[in-house]
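Chemist: What follows is a single structure, and I will ask about it in a moment.
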Amino acid sequence: MIIENYPVLTNEELDVAINNAVNQVRSCLKDYTYMFKYPNSVNNFYPLMDNTEWTNGFWTGEIWLAYELTKDEAFKEAGLKHVDSFYDRIINNIMCEHHDLGFLYSPSCVAAYKLLNDEKAKEAAIKAADKLITRFQPKGGFIQAWGPLNAKDNYRLIIDCLLNLPLLYWASEVTNDNKYRDIALTHIKTALNVVIRPDYSTYHTYFFDMDTGKPSHGVSHQGNRAESAWARGQAWGVYGLAISYSYTKNPEYLELFRHVTKYFLDHLPTDLVPYWDFDFTDGSTEPKDSSASAICACGMLEMAKYVEENEAKELIANASRLIKALVDNCSVSDPAISNGQILHGTYCRSTPTNGCRQHGVDECTSWGDYYYFEALMRLKNFNWNMYW
């Protein structure tokens, strides 16, 4: 594999990268303690926004990572102000009619509960889990991604939802109520049956027949075409399988993880920063998506906790290479250049077939920033207790 030709991150490089990441968060506290970051940067700087997007939890997650590393009270105070905002958001159902409640509440409120035993954060996250399971469709056995629950055009799941399931596993653990976990397990069984192709590439979106619940067809709303492998979607598959394995120890998830991860690594360009879709490789003028390799690295580092020593060493080394590539090619070390963590992400690249509105191309992305910082934390502390 081409990845083996790239060096791993040294301990010195890791420490510098962590210090830079903490400083980037610190430099943003003045503007983004009572406000949130837009999903993507614009000319490398994030606009301010209220807590209304599916991505707002990632910035809070960065704050908690910085607090966990430094124990600086300024980070703790900012994180708890965000908890107040997330509590208000779920209580008043502000832009919560979608499946991304795990993305919102795991790195913000579950994190606050794990780090501080904060009861308000726990309550907010449980209420978010309650909201998430209202999107479960018994016909088909999946959590519907977006849109009205009674509309045929919205009767679909997307691969991203694998990262919303941890909120449900966690909710069952803290409430001793298996209803959340049971829905998560039903969803992942359905999803894995349809989104993973025979070559272990993945679909972004899969539709079901609303009347019968039978699988209908796969498409991509963010990849290059219906049958291509959208890089970030493949990464959601890697990390989603790793997290579900961590909660269930289902050997099927481990075996699929190995294949889906190999597909990701086998299709990387020479600099290890994936293009936004694996249709493209070295020599292409298409944009990269740095967030995809950050997500993938986190999944590999999580799964390394549960496999035999030789496989674990390989996963850790390859994750380290992915992160070194981000440090070398994308990382921000000066707030004057950007108020994000890693450049060269892609939110949505429009094509004639995917139908998405083009935005956030060759920019920082809030999730890319978070997962990059999380991967640094994991490389520093192998037994880190994840927020998911």
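Chemist: Any residue at all in the stretch 12-23 that's touching an Asp or Glu at 6+ places or on another chain (Cβ under 6 Å) and not small (Gly, Ala, Ser)? Talk me through it step by step, then tell me what you get.
Modeler: Going through the stretch 12-23, the residues touching an Asp or Glu at 6+ places or on another chain (Cβ under 6 Å) turn out to be none.
No - not one qualifying residue is present in the stretch 12-23.
Chemist: Could you check the stretch 55-70 and list, in sequence order, the residues that are crowded, with 24+ Cβ neighbours inside 10 Å and in contact with a Ser or Thr (Cβ under 7 Å, 6 or more places away or on another chain)?
Modeler: Matches in the stretch 55-70: 57, 58, 59, 60, 61.
Chemist: Residues of the stretch 1-31 being touching a strand residue (DSSP E or B) at 6+ places or on another chain (Cβ under 9 Å) and either free of Cβ contacts under 8 Å to residues at least 40 places away in the same chain or open to solvent by 70 Å² or more (accessible area, probe 1.4 Å) (or both), which ones?
Modeler: Within the stretch 1-31, 31 is the sole residue that qualifies.
Chemist: While we're looking at this one, here's another question. So the check is Cβ under 8 Å with 6+ separation or different chains; which pairs have a first residue in the stretch 86-104 that's of a type in the set (Phe, Trp, Tyr) and a second one that's not in a helix (DSSP H, G or I)?
Modeler: 86/51; 103/54; 103/55; 103/164
Chemist: So, one more: Picking from 288, 305, 313, 324, which residue would you name as being under 30 Å from residue 255 (Cα atoms), crowded, with 24+ Cβ neighbours inside 10 Å and among the basic types (Lys, Arg)? Give the steps one after another, and end with the answer.
Modeler: Numbers: 305 fails: crowded, with 24+ Cβ neighbours inside 10 Å; 313 fails: crowded, with 24+ Cβ neighbours inside 10 Å; 324 fails: crowded, with 24+ Cβ neighbours inside 10 Å.
The conditions single out 288.
Chemist: Just need a number here: residues in the stretch 140-182 that are under 16 Å from residue 98 (Cβ atoms) and not hydroxyl-bearing (Ser, Thr, Tyr). Steps first, please.
Modeler: Applying the first criterion (under 16 Å from residue 98 (Cβ atoms)) to the stretch 140-182 yields 142-151, 153-165, 167-168.
Subsequent filtering for residues that are not hydroxyl-bearing (Ser, Thr, Tyr) retains 142-151, 153-154, 156-165, 167-168.
Qualifying residue count, the stretch 140-182: 24.
Chemist: Okay, next question. Output the number of the condition that residue 263 fails; it satisfies all remaining conditions of (1) open to solvent by 20 Å² or more (accessible area, probe 1.4 Å); (2) in a loop (DSSP other than H, G, I, E, B).
Modeler: (2)
Chemist: Right, another one. Taking into account only those residues within the stretch 82-104 that are assigned to a loop (DSSP other than H, G, I, E, B) and over 22 Å from residue 371 (Cα atoms), which is least open to solvent (accessible area, probe 1.4 Å)?
Modeler: Going through the stretch 82-104, the residues assigned to a loop (DSSP other than H, G, I, E, B) turn out to be 92-100.
This time we only want the ones that are over 22 Å from residue 371 (Cα atoms), so: 92-97.
Numbers: 92: 89, 93: 65, 94: 59, 95: 117, 96: 2, 97: 98 Å².
Among those that are assigned to a loop (DSSP other than H, G, I, E, B) and over 22 Å from residue 371 (Cα atoms), it is 96.
Chemist: Looking at the stretch 196-217, which of its residues are in contact with a Lys or Arg (Cβ under 8 Å, 6 or more places away or on another chain) and not charged (D, E, K, R)?
Modeler: If the condition is that a residue be in contact with a Lys or Arg (Cβ under 8 Å, 6 or more places away or on another chain) and not charged (D, E, K, R), then 200, 203, 205, 206, 207, 208, 210, 212, 213 are the ones that fit.
Chemist: Further question: For residue 113, work out the one condition from (1) over 19 Å from residue 247 (Cα atoms); (2) touching a Lys or Arg at 6+ places or on another chain (Cβ under 7 Å); (3) of a type outside the set (Lys, Arg); (4) surrounded by fewer than 24 Cβ atoms within 10 Å (Cβ to Cβ) it doesn't fulfil.
Modeler: Just one mismatch for residue 113, condition (1).
Chemist: I'd like to check something: does the stretch 188-208 contain any residue that is within 18 Å of residue 242 (Cα to Cα), among the polar types (S, T, N, Q) and surrounded by fewer than 14 Cβ atoms within 10 Å (Cβ to Cβ)?
Modeler: Looking through the stretch 188-208, at least one residue is within 18 Å of residue 242 (Cα to Cα), among the polar types (S, T, N, Q) and surrounded by fewer than 14 Cβ atoms within 10 Å (Cβ to Cβ).
Chemist: Let me ask you something else. If residue 277 satisfies all but one of (1) open to solvent by 20 Å² or more (accessible area, probe 1.4 Å); (2) among the acidic types (Asp, Glu); (3) within 20 Å of the chain's Cα centre (by Cα), what's the number of the condition it fails?
Modeler: All conditions pass for residue 277, except number (1).
Chemist: Does residue 181 satisfy the condition of being surrounded by 15 or more Cβ atoms within 10 Å (Cβ to Cβ), over 23 Å from residue 367 (Cβ atoms) and either under 21 Å from the mean Cα position of the chain (by Cα) or of a type in the set (Asp, Glu) (or both)?
Modeler: Numbers: surrounded by 15 or more Cβ atoms within 10 Å (Cβ to Cβ): yes; over 23 Å from residue 367 (Cβ atoms): yes; either under 21 Å from the mean Cα position of the chain (by Cα) or of a type in the set (Asp, Glu) (or both): yes.
Answer is yes for this residue.
The values are calculated or read from the model by the stated rules, or taken from the named source; none is laboratory data. Here the structure is a predicted model, which is why all the values come from computation and not from measurement. Ideal geometry is used to build each Cβ from the backbone, glycine not excepted, and the neighbour counts take in all protein chains shown. Quick note on the areas: whole protein, heavy atoms, side chains included, nothing else; ligands and nucleic acids left out. Shrake-Rupley method; radii C 1.70, N 1.55, O 1.52, S 1.80 Å.
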